[in-house]
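Following: one structure in structure tokens, then a few remarks.
The values are calculated or read from the model by the stated rules, or taken from the named source; none is laboratory data. All values derive from a computational prediction rather than experimental measurement. Quick reminder, even Gly has a Cβ in these numbers, built from the backbone with ideal geometry, and neighbours come from all protein chains shown. Note: areas computed on protein heavy atoms with side chains; ligands, DNA, RNA excluded. Shrake-Rupley method; radii C 1.70, N 1.55, O 1.52, S 1.80 Å.
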Amino acid sequence: MKNNNRVRVRFAPSPTGHLHIGGARTALFNYLFARNLKGTFILRIEDTDRERSTQEYTDFILKGMEWLGMEWDEGPFHQTERMDIYREHVEKLLKEGKAYRCYCLPEELETRRKALLAAGKKPKYDGKCRTMDSGLGTEDQKPYCIRFKAPQEGNLTFNDICRGEITFNREELDDMIIARTDGSPTYNFTVVVDDVTMKITHVIRGDDHLNNTPRQIQLYEALNYPIPHFAHLPMILGPDKQKLSKRHGAVSVIEYKTYGFLPEAMLNYLARLGWSHGDQEIFTKEELVQFFDLNVVGKSPSVFDIEKCKWVNHQHMMKLTHAELFHATKPYLEEMGLEIDLEANGFAVKAVCSERERAKTLKELAEISAFYFREEPVWDEKAVEKWLNDEGKQRLNALKDSFANLKIWDEASIQTAFKEIQEKLGIKKMVDLAQPCRVALTGTTTSPGIFEVLAILGKEKVLKRFDRALAF
Ligand code: GLU
């Protein structure tokens, strides 16, 4: 009986698309639920739709899971490798009289469906083959599919962790096909057989599956397996309150890596789509595991707000040490073609971190700190026109002479030298001296504090950049 009461959950994506925000949130809630209760988290690839499933999508899903750090304990299991198990279960239901062969042809079904509709009735399978002795005999020569003999009486009630009590009338559930004419099993059947054989205790999935649940419960009953707990997670909407989709931006979570989001920030933000813990907004992964509680997840949809997601990312960036933040940002600088040479004085670390207050993503951080690493800045023409005119150059020249003579190169000495020039040239506003200097160093009019930039760049680079600006 080892582990029998232990929580076992699964994430069961179909590799017919990317791991998108909704799927990642479903995976995360399963993951956190399992880790919080010291249970088992299983990954199952539902690839029975052979036409739409691809290895490429499977790889994307696995990569997304790995990037987010949701390590699974068992799997990945592939449904296509479990066909024998499904077949066995179909046989079992047939033998026990809980399923039957159906010889109705698609055209016949269509005609009868139309007749039902015309008579104002619900168009479900009319059960023609249900009562036939279809076990053996000449009929076997004809093509057939296998239908589940769905109990037709009474109500079916279950308690959904997110949505509360839900009742369906069994009469509304028709005899669904569990194996097609070619013998391939259908979705509702494989899910149940897998959940039964993998001993899943809690099915946590998107609420787009809610309507499948009563059908699946009837299969659990037929297979004499305890019905798992269900939690149907509320939808995630875009800012326009429509179901989140491609129209709203990134399709796949791995794209957020490209945009410069930290995986821990993404986990944090995804967890808050439907779950909360008091007023806390920023969580480490350990805290998410510690505090996660499925009972808090209700039924109202949540909205994916990219600005909030960036804010969360910024908070996580600020939590990193300077060295960690630099290493996280380095690939984005390299992507821009910038070779980063980690000098002994830690220039690169200081350079990147001087901009961290202003950047919401690692990519932004790379972009705004790139000027430190470029041989020549990217010139903002307006800035050059306005600040590197004759007057600006005169001021720059004065600064250059004074800086060239500085023995100690730190923020305090730079500031003193700078103030002296400002006074000597009778410049009232600091900005009128700072901006020519800033444009000469960065190519633009925005940067961290000018003394900080000067100190980080170092005397040699500063003088070189001044010369280039003066030659403009
Ligand atoms: N394969 C299904 C999907 O990707 C999930 C099935 C389930 O979680 O029960 O939507």
Name every residue in the range 28-48 that is near the ligand (Cβ under 10 Å from one of its atoms) and either within 19 Å of Tyr187 (Cα to Cα) or out of contact with any Phe, Trp or Tyr (no Cβ under 8 Å at 6 or more places or on another chain) (or both), in order of residue number. Arg44, Ile45, Glu46, Asp47, Thr48
Going by what's in this entry, would Lys98 be described as buried (at least 17 other Cβ atoms within 10 Å of the Cβ) and basic (Lys, Arg)? yes
Filter the range 254-294 down to the residues that are surrounded by 22 or more Cβ atoms within 10 Å (Cβ to Cβ) and of a type in the set (S, T, N, Q) and list them by number. Asn268
If you take the residues of the range 386-409 that are over 14 Å from Leu425 (Cβ atoms) and among the aliphatic types (A, V, I, L, M), which of them is surrounded by the most Cβ atoms within 10 Å (Cβ to Cβ)? Leu388
Does Thr16 count as surrounded by fewer than 21 Cβ atoms within 10 Å (Cβ to Cβ) and assigned to a helix (DSSP H, G or I)? no
Exactly one condition in (1) open to solvent by 20 Å² or more (accessible area, probe 1.4 Å); (2) modelled with pLDDT of 95 or more is false for Gly443; which is it? (1)
Check on Arg10, open to solvent by 40 Å² or more (accessible area, probe 1.4 Å), within 16 Å of the ligand (Cβ to nearest atom) and within 26 Å of Leu219 (Cα to Cα): no
Could you please let me know if Leu68 is open to solvent by less than 10 Å² (accessible area, probe 1.4 Å), touching a residue at least 60 places away in the same chain (Cβ under 8 Å) and closer than 24 Å to Thr284 by Cα? yes
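Residues are listed down the side, and each one gets a yes or a no for (1) of a type in the set (Gly, Ala, Ser); (2) closer than 30 Å to Lys350 by Cβ; (3) modelled with pLDDT of 95 or more; (4) over 14 Å from the mean Cα position of the chain (by Cα):
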position: Ser252; (1), (2), (3), (4): yes, no, no, no
position: Ser276; (1), (2), (3), (4): yes, no, yes, yes
position: Thr284; (1), (2), (3), (4): no, yes, yes, yes
position: Leu288; (1), (2), (3), (4): no, no, yes, yes
position: Leu325; (1), (2), (3), (4): no, yes, yes, yes
Given (1) open to solvent by less than 70 Å² (accessible area, probe 1.4 Å); (2) free of Cβ contacts under 8 Å to residues at least 12 places away in the same chain; (3) outside any loop (DSSP other than H, G, I, E, B); (4) not aromatic (Phe, Trp, Tyr), Leu365 misses just (2)
When you check Leu109 against the structure, is it assigned to a helix (DSSP H, G or I), out of contact with any Leu (no Cβ under 8 Å at 6 or more places or on another chain), open to solvent by less than 40 Å² (accessible area, probe 1.4 Å) and of a type outside the set (Gly, Ala, Ser), yes or no? no
Please indicate, with yes or no, whether at least one residue in the range 325-335 is out of contact with any Gly (no Cβ under 7 Å at 6 or more places or on another chain), open to solvent by 10 Å² or more (accessible area, probe 1.4 Å), assigned to a helix (DSSP H, G or I) and in contact (Cβ under 8 Å) with a residue 40 or more places away in the chain. yes
